[in-house]
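Notes to accompany the following structure.
The values are calculated or read from the model by the stated rules, or taken from the named source; none is laboratory data. All of these numbers come straight from a predicted model, not from anything done at the bench. Note: ideal-geometry Cβ built from the backbone for every residue, glycine included; neighbour counts use all protein chains shown.
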């Protein structure tokens, strides 16, 4: 599944749907129904997400540096919340912003290749790259190059120059919401698997029931024929 996702999300945007459907059909024909269903559910990325996925492949080193800068920024955030010393935080913010700007410029060239280099798309790419600084899970999906939509960064009060306590509370709330969303998604997938298994079992039971019903009808015909022979013999 990881290889399939890596292949699909690295394709030109206009080939995603046809290749996804082709791969799902191949898996289905090979008897891998669950895998085919999972691949068939892969969502086509929007334009800004597609650009970020391409950055993960074409600008791998710079993206790695950005994600490390994001981790450093989160660490500096925690230090500032604990001590109130903003010096390390300010340096981390500057480094992260520098890398975001560089990658956003690179994304602009990618967007131009597909005729979508609008200011709105560039801004969505920039916001998504910034979001990786406050969301470790998103950072890993960006590293893998498999995001499907642009994201907004969580609002840390310290990063915005506001109250550290307010920023931390907002960050905790955002992280909790994302965690609940992930848990709900996992629960939905498990329920879909259980439903598919139940449907298969029902089909097997129906087939078995039809076979039993046909055997019953055959035996009834045999009994009726035997009765007719008995009645005929008795008459003679």
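Brief remarks follow.
- The selection criterion, being in contact (Cβ under 8 Å) with a residue 60 or more places away in the chain, surrounded by fewer than 19 Cβ atoms within 10 Å (Cβ to Cβ), under 30 Å from residue 90 (Cα atoms) and in the same structural domain as residue 97 (by TED's automatic domain parsing), holds for residue 71.
- Test: residue 78 is under 24 Å from residue 140 (Cβ atoms) and either crowded, with 16+ Cβ neighbours inside 10 Å or in contact (Cβ under 8 Å) with a residue 12 or more places away in the chain (or both): no
- Meets criteria (exposed (fewer than 14 other Cβ atoms within 10 Å of the Cβ) and in the same structural domain as residue 136 (by TED's automatic domain parsing)) for residue 25: no
- Residue in the range 151-164 that is modelled with pLDDT under 85, over 30 Å from residue 15 (Cα atoms) and part of a helix (DSSP H, G or I) present: yes
- For the range 79-113, the tally of residues that are farther than 23 Å from residue 127 by Cβ and either in a helix (DSSP H, G or I) or under 29 Å from the mean Cα position of the chain (by Cα) (or both) stands at 6.
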